[in-house]
Amino acid sequence: MLRPFLLFVGLLTLGLIVWHIGPENIYDAAAQLGPVALLVMLIPSFIMYAVEAYGWRATLGPSAKEIPFWRVLLIRTAGEAVNMTTPAGYVGGEPLKAHLLRKHHVPMEEAFTSVIIAKTTMTIAEVLFILLGIALSVWLLGGSESSGQTVPTALLSVTLLALVTAGLVFVQRQGLFTWLLDFLRRIGLKIAYLEAREERLRSLDRAVWGFYRHKRPAFCASTGLFFLGWIAEALEVYVIIWYLGGPAMALSAISIGALSVFIKSSTFFIPGSLGAQDGGNLLLLNAFGYSDVTGITFALLRRFRELVWIGIGLLCLALLGGRQLQFEKDAQTTQAMVPDTFSLPPLDSAEVACTPVLRKAHFWQRNARVSLNERQRNMLNRVLDGFKGNLTAGKWAVIAKCSIPTAQRDIKELIDQGLLVRNEGESENTSYI
């Protein structure tokens, strides 16, 4: 009941602001903008999405070379649309991003690790951007009454945000999911879904810790790219104010953009930050000397941008979903064609057991719908053709020309899907069949 109430209060607040300033005044200000101006206003946000997609791609590891950038951009845009439309504190789209990566043959651990790390680096960059905005506001506004009241509050809030972010990084380094499982057990709460996936969650913790330990350049690169993405948001502020006829200054735009991000992130518990974000932007522009009409028109234009990108994100999600449906349709068609074409005998037939070709055909018939990457498919074909000696992660890495951790991830996925099993009775140099 709380969220519907907050949504109602937000709508009421926005309505009262518009009524107080005057709908006709807002309409006159917005009517000066044509379609070209609206399109130009979307360019900075496109730059922001593209740069942040590169920031996420920097955390992907080996799979970054195999998945095209445009696909990463589509997946991130779809995930951000879900973040903006679900009441989950701007994290509801993160599992979707990992899921869509998995559909494009990115290993589970790598997909979820990249999502966790990218969200962390984006938050760190956001804190740095807000701190820059506060510093600029103190310098630009000097000792004005508005700055004297708002800056200390903003500094306190950002300090808390920075502490929470630092705590999140610390917990990730210690094992986020392991800590969560242990905490739930201590309070006597066992969630069957998490308990059944304990080993996977611990493996994910190890992957996250490994990223922090061994891939610090990638971590710093991702943080820097996300910071540039936030600067692109300041460019949007500059463009909107310029089109509204107000004096546009680069440093003021950075400060306004950063403090606007702060307002939005600190009111995440309100659906869409409705009312709070709009009223906050109005007061923010007032503090920098802009009129009420410019302030509320600025806020509504940013709402327009959000709606456009939500629409684009949902379109991306539909395209990605359509691609997956086509993949499943093709797999079903292949599965339906195999028995008609080859007239395969029953699986327990002695003939099948003695005929590698038929065994191989049966294997791919049964697993036509399983999502595999190219390395996994090639290695399974080698095993089905009669692999000489024991198949180990080391041999897999040499033949597939990948790292041993990548080979281990490939093998673990096949074990989870029931396509490979460990040879029993081995303690060292584990092999698989």
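The values are calculated or read from the model by the stated rules, or taken from the named source; none is laboratory data. Computed from a predicted structure; not experimentally measured. Neighbour counts are summed over all protein chains in view; Cβ atoms, including those assigned to glycine, are modelled from backbone coordinates with ideal geometry. Side chains included, ligands, DNA and RNA excluded: accessible areas come from the protein's heavy atoms. Shrake-Rupley method; radii C 1.70, N 1.55, O 1.52, S 1.80 Å.
Quick one: which of LYS103/LYS412; LYS103/LYS388; LYS103/LYS190; LYS65/LYS103; LYS97/LYS119; LYS119/LYS412 span more than 22 angstrom between C-alpha atoms? Long pairs (Cα-Cα over 22 Å): LYS103/LYS388; LYS103/LYS190; LYS119/LYS412.
Neighbours of PRO44 by Cβ distance under 12 Å: Lys/Arg scored +1, Asp/Glu scored -1, total 0. Close amide H partners of SER431, meaning residues 5 or more places away or on another chain with modelled amide H under 5 Å apart, are ASN423. Stretching ARG377 away from THR86 to a fully extended chain increases their span by 101.1 nm, per 0.36 nm per residue minus the current alpha-carbon distance. A simple rule links phi to the HN-Hα coupling: the Karplus curve 6.51 cos²θ - 1.76 cosθ + 1.60 with θ = phi - 60°, which for the range 98-111 gives 5, 4, 5, 5, 4, 5, 10, 6, 7, x, 3, 4, 5, 5 Hz, with x for Gly and Pro.
Separation of the range 386-419 from the range 204-232 is 27 Å, based on Cα centroids.
Over the range 192-256, accessible surface divided per residue gives 50 Å², non-protein components excluded, 1.4 Å probe.
Taking 0.36 nm per residue of separation and subtracting the current Cα-Cα distance, fully stretching the chain between ASN390 and ARG422 would add 10.5 nm.
In the full protein context, the range 7-71 carries 56 Å² of accessible surface per residue, based on a 1.4 Å probe and ignoring ligands, DNA and RNA. Between ILE187 and LEU315, full extension at 0.36 nm per residue minus the direct alpha carbon distance yields a gain of 41.8 nm.
Here the calculated FRET efficiency for LEU283 and HIS20, from their Cβ-Cβ distance with R0 = 22 Å, stands at 0.95, rounded to the nearest 0.05.
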